[in-house]
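Peer 1: Take this structure first; my questions come after.
Please treat every number below as a calculation from the coordinates, not as lab data. Just so you know, these numbers come straight off a predicted model, no measurement behind them. Counting neighbours? That spans all protein chains shown, and the Cβs are built from the backbone with ideal geometry, glycine included.
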Amino acid sequence: MEPLHDLPRHATENRAYWNGMADDWIASGERNWSQDEPTWGTWGVLERDLEMLPVDMHGMRAVELGCGTGYVSAWMARRGAEVTAIDLSERQLETARRLADQHGVALTLVHGSAEATPFPDEAFDFAISEYGAAIWCDPEVWIPEAYRILKPGGRLVFLGNHPLAHVCSPLDGSLVGEQLVRPYFDMRVLDWTEVAIDPGGIEFCLGHADWYALFRRVGFVVEDYREPRAPEGFVGDAFGVPAAWASRWPSEQVWKVRKTAAPGATP
């Protein structure tokens, strides 16, 4: 595994960012750990609407890439999976460990980067990221890594920011609006560390054609794609996106891909 003291800049910035705000996520982590049924993303979309997880995960080895407080891993364990989770923030993992003990859920929690995991080849049947690696890791690095650690036929499901939300994000970090502000082509890196309003970490996002090209090059076949929307009655904004905006345009996306026998293979 890549030494944690020798991380690329985006990983160093993101680790410090999440360590610094870990306490702010304890309450939401506790709430999500207590849920019987998963809800997803900024807008709390129901599992039955997104179908992120297999219904029965008994006999499956699953991994969460960028687990935060670990609630997604808990949901998988309760469906019968043997679950491993990795995160770069040791402070977030402290919360995950405490909640796993509190709820009596067996998880293997690993401090490390989803871009360079310590896991052997073809170790898992299923991989998932709700935000986590999906936006905070370089897709040119973490997607091939996910492919490596999945068994042939294994599935990767991840939820992150939609590119449309990014191209409508003002340069000063203020709320997403109704004008195109950033270029769509060659978008890739979004550095929020020095914006005037609500500075954050360093995110990654690709355009749709670039995602497809990456999946094809690595050896993933796309099985499904979803664009969650803010539900009726959601008031205000969340993470820089007004709910009214996200009820008209997609602020999030879900990719579901499957590992083929060899890179570039067809189903």
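Peer 1: In segment 171-267, what GluC sites (Glu not before Pro) fall in a loop by DSSP, with at most 12 other Cβ atoms inside 10 Å?
Peer 2: Numbers: sites: Glu178, Glu194, Glu203, Glu223, Glu232, Glu252; in loops: Glu178, Glu194, Glu232.
Taking segment 171-267 and a limit of 12 other Cβ atoms within 10 Å, the loop GluC sites (Glu not before Pro) found are Glu178, Glu194, Glu232.
Peer 1: Give me the orientation-averaged projected area of the Cα convex hull of segment 140-259, in nm², one decimal.
Peer 2: Values: hull surface 31.5 nm².
Over every viewing direction, the Cα hull of segment 140-259 projects on average to 7.9 nm².
Peer 1: Near Phe204, within a Cβ-to-Cβ distance under 9 Å, what is the net charge of the other residues, with Lys and Arg +1 and Asp and Glu -1? Working shown, then result.
Peer 2: Details: positive: Arg188; negative: Asp138, Glu140, Glu203.
So the environment of Phe204 carries a net charge of -2.
Peer 1: While we're here: Amide H to amide H under 5 Å from Tyr131: which residues, 5+ apart in sequence or cross-chain, H placed 1.01 Å off N in plane?
Peer 2: Leu159, Gly160
Peer 1: Find how many whole Å separate the alpha carbon centroid of segment 113-135 from the alpha carbon centroid of segment 155-207.
Peer 2: Their Cα centres are 23 Å away from one another.
Peer 1: Check which residues have an amide H placed less than 5 Å from Glu252's amide H, if you skip close sequence neighbours.
Peer 2: Long-range HN contacts for Glu252: His162.
Peer 1: Tyr184 to Arg97: FRET efficiency via 1/(1 + (r/R0)^6), r the Cβ-Cβ distance, R0 51 Å, to the nearest 0.05? Don't jump to the answer; show the numbers that get you there.
Peer 2: Values: r = 40 Å, r/R0 = 0.79.
It comes out at approximately 0.80.
Peer 1: At a Förster radius of 45 Å, what calculated FRET efficiency corresponds to the Cβ-Cβ distance of Tyr212 and Arg31, to the nearest 0.05?
Peer 2: 0.80
Peer 1: Convex hull over the Cα atoms of the chain, averaged projected area in nm²? Please list the in-between numbers first.
Peer 2: Details: hull surface 53.5 nm².
One quarter of the hull surface, i.e. the mean projection, equals 13.4 nm².
Peer 1: Let me ask something else about it. Could you give the nm distance between label points at Asp49 and Lys151, where each point is 7 Å from its Cα heading toward the beta carbon?
Peer 2: Once both label points are built, they end up 3.3 nm from each other.
Peer 1: In whole Hz, with x marking every Gly and Pro, tabulate ³J(HN,Hα) for segment 210-220 from phi via Karplus 6.51 cos²θ - 1.76 cosθ + 1.60, θ = phi - 60°.
Peer 2: Once θ is set to phi - 60°, the couplings for segment 210-220 become 5, 4, 4, 5, 5, 4, 5, 5, 6, x, 9 Hz.
Peer 1: Same structure, new question: How big is the dipole moment of the chain about its Cα centre under a simple scheme where the beta carbon of each Lys and Arg is +1, that of each Asp and Glu is -1, and everything else is neutral? Debye, nearest 20, please.
Peer 2: Values: 23 positive and 40 negative charges, 137 e Å.
With Lys and Arg at +1 and Asp and Glu at -1, about 660 debye.
Peer 1: Using helices alone, what [θ] at 222 nm do you get for the chain, with -39,500 (n - 2.57) per DSSP H run of 4 or more residues, divided over all residues and rounded to the nearest 500? Write out the running numbers ahead of the final one.
Peer 2: On the way: 10 runs with 81 residues, N = 267.
After summing the helix terms and dividing by residue count, I get -8000 deg cm²/dmol.
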